[in-house]
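> There's a structure below that I have some questions on.
The values are calculated or read from the model by the stated rules, or taken from the named source; none is laboratory data. Nothing here was measured: the structure is a model prediction, and the numbers come from that model. As a convention, Cβ positions derive from the backbone with ideal geometry for all residues, glycine included, and neighbour counts pool all protein chains shown.
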Amino acid sequence: MEDKIKELLLGAGVTKKDVLLDTPRRVVKAYRELWGGLYEPKPELTSFSGEEGQRITIQDIDYTSTCEHHLMLFTGRVTISFVSNGKILGLSKYSRLVKWCAARPTLQEYLCSMIYSELKEALDDPSELYVKVTGQHSCVSARGIKDACSNTTVEKGVLK
(Lines give C-alpha, C1' and ligand atoms only; values in the text may rest on other atoms or scores of the structure.)
Protein backbone atom coordinates (compact mmCIF):
# COMPACT_ATOMS: atom_id res chain seq x y z
CA MET A 1 0.00 0.00 0.00
CA GLU A 2 2.84 2.39 0.77
CA ASP A 3 4.19 2.03 -2.78
CA LYS A 4 0.76 2.89 -4.20
CA ILE A 5 0.50 5.99 -1.97
CA LYS A 6 3.96 7.07 -3.16
CA GLU A 7 2.81 6.59 -6.78
CA LEU A 8 -0.26 8.71 -6.04
CA LEU A 9 1.89 11.49 -4.58
CA LEU A 10 4.31 11.40 -7.50
CA GLY A 11 1.39 11.37 -9.95
CA ALA A 12 0.00 14.46 -8.25
CA GLY A 13 3.34 16.23 -8.68
CA VAL A 14 4.70 15.92 -5.13
CA THR A 15 8.50 15.74 -5.31
CA LYS A 16 9.62 16.71 -1.81
CA LYS A 17 11.84 13.85 -0.54
CA ASP A 18 10.70 13.76 3.09
CA VAL A 19 7.05 13.66 1.97
CA LEU A 20 7.72 10.79 -0.43
CA LEU A 21 9.72 8.95 2.23
CA ASP A 22 7.53 9.29 5.35
CA THR A 23 4.00 10.18 4.21
CA PRO A 24 3.04 6.82 2.61
CA ARG A 25 3.66 4.99 5.90
CA ARG A 26 1.65 7.56 7.86
CA VAL A 27 -1.21 7.45 5.35
CA VAL A 28 -1.45 3.66 5.54
CA LYS A 29 -1.41 3.82 9.34
CA ALA A 30 -4.13 6.49 9.32
CA TYR A 31 -6.38 4.53 6.96
CA ARG A 32 -5.97 1.36 9.00
CA GLU A 33 -7.15 3.32 12.04
CA LEU A 34 -10.00 5.10 10.21
CA TRP A 35 -11.13 1.86 8.57
CA GLY A 36 -10.75 -0.38 11.63
CA GLY A 37 -14.33 -1.60 11.21
CA LEU A 38 -13.15 -3.56 8.17
CA TYR A 39 -10.59 -5.49 10.24
CA GLU A 40 -12.03 -5.63 13.74
CA PRO A 41 -14.92 -7.90 14.72
CA LYS A 42 -18.28 -6.33 15.45
CA PRO A 43 -18.45 -5.26 19.10
CA GLU A 44 -20.24 -7.66 21.40
CA LEU A 45 -23.68 -6.19 21.99
CA THR A 46 -24.39 -7.31 25.54
CA SER A 47 -28.11 -7.18 26.21
CA PHE A 48 -30.20 -7.00 29.37
CA SER A 49 -33.81 -7.45 30.28
CA GLY A 50 -35.64 -4.15 30.34
CA GLU A 51 -39.14 -2.95 30.89
CA GLU A 52 -41.31 -3.50 27.86
CA GLY A 53 -42.91 -0.44 26.26
CA GLN A 54 -40.36 2.15 27.39
CA ARG A 55 -38.95 4.54 24.81
CA ILE A 56 -35.18 4.72 25.04
CA THR A 57 -33.30 7.46 23.18
CA ILE A 58 -29.55 7.78 22.89
CA GLN A 59 -28.45 10.98 21.18
CA ASP A 60 -25.34 12.84 20.12
CA ILE A 61 -23.17 9.79 19.49
CA ASP A 62 -20.18 11.26 17.62
CA TYR A 63 -18.68 9.45 14.66
CA THR A 64 -16.04 9.92 11.99
CA SER A 65 -16.26 8.07 8.71
CA THR A 66 -14.81 8.15 5.21
CA CYS A 67 -16.82 8.97 2.09
CA GLU A 68 -16.43 6.04 -0.27
CA HIS A 69 -16.76 8.37 -3.28
CA HIS A 70 -13.83 10.69 -2.48
CA LEU A 71 -12.03 9.04 0.46
CA MET A 72 -12.53 12.23 2.43
CA LEU A 73 -13.81 12.41 5.99
CA PHE A 74 -17.32 13.11 7.12
CA THR A 75 -18.29 13.55 10.74
CA GLY A 76 -21.48 13.93 12.66
CA ARG A 77 -23.82 12.59 15.27
CA VAL A 78 -26.25 9.72 15.58
CA THR A 79 -29.54 9.52 17.43
CA ILE A 80 -31.08 6.14 18.21
CA SER A 81 -34.57 5.76 19.59
CA PHE A 82 -36.64 2.63 20.15
CA VAL A 83 -39.47 1.23 22.20
CA SER A 84 -38.21 -1.70 24.24
CA ASN A 85 -39.83 -5.07 23.76
CA GLY A 86 -38.11 -6.19 26.95
CA LYS A 87 -34.54 -6.20 25.62
CA ILE A 88 -31.99 -3.38 25.93
CA LEU A 89 -28.26 -3.02 25.40
CA GLY A 90 -25.64 -1.70 27.77
CA LEU A 91 -25.38 2.05 27.13
CA SER A 92 -21.80 1.94 25.85
CA LYS A 93 -22.80 -0.64 23.23
CA TYR A 94 -24.74 1.90 21.16
CA SER A 95 -21.66 4.12 20.83
CA ARG A 96 -19.39 1.15 20.14
CA LEU A 97 -21.70 -0.04 17.38
CA VAL A 98 -21.92 3.40 15.75
CA LYS A 99 -18.15 3.83 15.80
CA TRP A 100 -17.58 0.33 14.37
CA CYS A 101 -20.12 0.86 11.57
CA ALA A 102 -18.57 4.25 10.72
CA ALA A 103 -14.99 2.93 10.68
CA ARG A 104 -14.93 2.07 6.96
CA PRO A 105 -15.38 3.77 3.60
CA THR A 106 -19.13 4.24 3.22
CA LEU A 107 -21.89 6.67 2.40
CA GLN A 108 -23.96 8.36 5.09
CA GLU A 109 -27.07 6.58 3.77
CA TYR A 110 -25.37 3.18 4.08
CA LEU A 111 -24.08 4.05 7.54
CA CYS A 112 -27.62 4.82 8.72
CA SER A 113 -28.96 1.57 7.25
CA MET A 114 -26.14 -0.50 8.74
CA ILE A 115 -26.69 0.90 12.24
CA TYR A 116 -30.43 0.35 11.89
CA SER A 117 -30.03 -3.28 10.72
CA GLU A 118 -27.53 -4.16 13.45
CA LEU A 119 -29.78 -2.68 16.15
CA LYS A 120 -32.90 -4.33 14.76
CA GLU A 121 -31.18 -7.69 15.13
CA ALA A 122 -29.53 -6.97 18.51
CA LEU A 123 -32.77 -5.67 20.04
CA ASP A 124 -34.89 -8.56 18.67
CA ASP A 125 -36.86 -6.43 16.21
CA PRO A 126 -38.36 -3.74 18.47
CA SER A 127 -41.79 -2.42 17.48
CA GLU A 128 -40.36 1.06 16.93
CA LEU A 129 -36.77 1.72 15.92
CA TYR A 130 -35.45 5.03 14.61
CA VAL A 131 -31.92 5.99 13.59
CA LYS A 132 -30.93 9.53 12.57
CA VAL A 133 -27.45 10.27 11.21
CA THR A 134 -26.37 13.88 10.66
CA GLY A 135 -23.15 14.62 8.85
CA GLN A 136 -20.79 17.31 7.69
CA HIS A 137 -18.86 16.21 4.63
CA SER A 138 -15.36 17.47 3.85
CA CYS A 139 -15.94 16.48 0.21
CA VAL A 140 -18.58 19.27 0.22
CA SER A 141 -16.80 21.78 2.47
CA ALA A 142 -13.24 21.49 1.10
CA ARG A 143 -13.81 20.83 -2.62
CA GLY A 144 -16.45 21.28 -5.27
CA ILE A 145 -19.04 23.73 -3.96
CA LYS A 146 -16.92 24.49 -0.85
CA ASP A 147 -19.97 24.89 1.36
CA ALA A 148 -18.66 24.68 4.92
CA CYS A 149 -22.06 25.14 6.55
CA SER A 150 -24.27 22.47 5.01
CA ASN A 151 -25.32 19.42 7.01
CA THR A 152 -26.96 16.28 5.73
CA THR A 153 -29.47 14.22 7.67
CA VAL A 154 -30.43 10.63 6.91
CA GLU A 155 -33.19 8.91 8.89
CA LYS A 156 -34.48 5.37 8.93
CA GLY A 157 -37.29 3.80 10.89
CA VAL A 158 -40.34 4.94 12.79
CA LEU A 159 -40.58 7.60 15.45
CA LYS A 160 -44.13 8.00 16.75
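> What pairs come up if the first residue lies in region 88-99 and is modelled with pLDDT of 95 or more, the second is acidic (Asp, Glu) and surrounded by fewer than 21 Cβ atoms within 10 Å (Cβ to Cβ), and their beta carbons are under 9 Å apart, counting only those six or more places apart or on different chains?
ILE88/GLU51; LYS93/GLU44; SER95/ASP62; ARG96/GLU44; LEU97/GLU118; VAL98/ASP62; LYS99/ASP62
> Every residue in region 51-62 that is farther than 27 Å from THR134 by Cβ and either modelled with pLDDT of 95 or more or surrounded by 10 or more Cβ atoms within 10 Å (Cβ to Cβ) (or both), please.
Listed by number, the residues that qualify are GLU52, GLY53.
> Let me ask another. So, in region 111-160, of the ones that are of a type in the set (S, T, N, Q) and without any contact (Cβ under 8 Å) to a residue 24 or more places away in the chain, which residue ends up nearest to THR46 (Cα to Cα)?
SER117
> If I ask for residues that are in contact with a helix residue (DSSP H, G or I) (Cβ under 8 Å, 6 or more places away or on another chain) and either among the hydroxyl-bearing types (Ser, Thr, Tyr) or not assigned by TED's automatic domain parsing to the domain that holds CYS112 (or both), which ones from region 138-153 would you list?
Once the filter is applied, which keeps residues that are in contact with a helix residue (DSSP H, G or I) (Cβ under 8 Å, 6 or more places away or on another chain) and either among the hydroxyl-bearing types (Ser, Thr, Tyr) or not assigned by TED's automatic domain parsing to the domain that holds CYS112 (or both), region 138-153 yields SER150, THR152.
> Within region 76-94, can you find the residues that are of a type in the set (Gly, Ala, Ser) and surrounded by fewer than 17 Cβ atoms within 10 Å (Cβ to Cβ)?
The answer is GLY86, GLY90, SER92.
> Only one residue in THR23, THR66 is touching a Leu at 6+ places or on another chain (Cβ under 7 Å) and within 27 Å of SER150 (Cβ to Cβ). Which one?
THR66
> Looking only at region 25-39, which residues are in contact (Cβ under 8 Å) with a residue 40 or more places away in the chain and touching a helix residue (DSSP H, G or I) at 6+ places or on another chain (Cβ under 7 Å)?
Initially, region 25-39 is screened for residues in contact (Cβ under 8 Å) with a residue 40 or more places away in the chain, giving 34-38.
Answer for region 25-39, where residues must be in contact (Cβ under 8 Å) with a residue 40 or more places away in the chain and touching a helix residue (DSSP H, G or I) at 6+ places or on another chain (Cβ under 7 Å): just GLY37.
> Just the residues that are of a type in the set (Phe, Trp, Tyr) and touching a strand residue (DSSP E or B) at 6+ places or on another chain (Cβ under 7 Å), please, taken from region 32-83.
First, the residues of region 32-83 that are of a type in the set (Phe, Trp, Tyr): 35, 39, 48, 63, 74, 82.
Listed by number, the residues that qualify are TRP35, PHE48, TYR63, PHE74, PHE82.
> Got a sec? Which strands (runs of 3 or more DSSP E) wholly within region 1-95 have at least 1 residues that are farther than 24 Å from LYS156 by Cα?
Strands (runs of 3 or more DSSP E) meeting the threshold: 47-49.
> Scanning region 136-157 for residues that are within 15 Å of the chain's Cα centre (by Cα) and closer than 17 Å to LEU71 by Cα, which turns out surrounded by the most Cβ atoms within 10 Å (Cβ to Cβ)?
Within region 136-157, the match that is surrounded by the most Cβ atoms within 10 Å (Cβ to Cβ) is HIS137.
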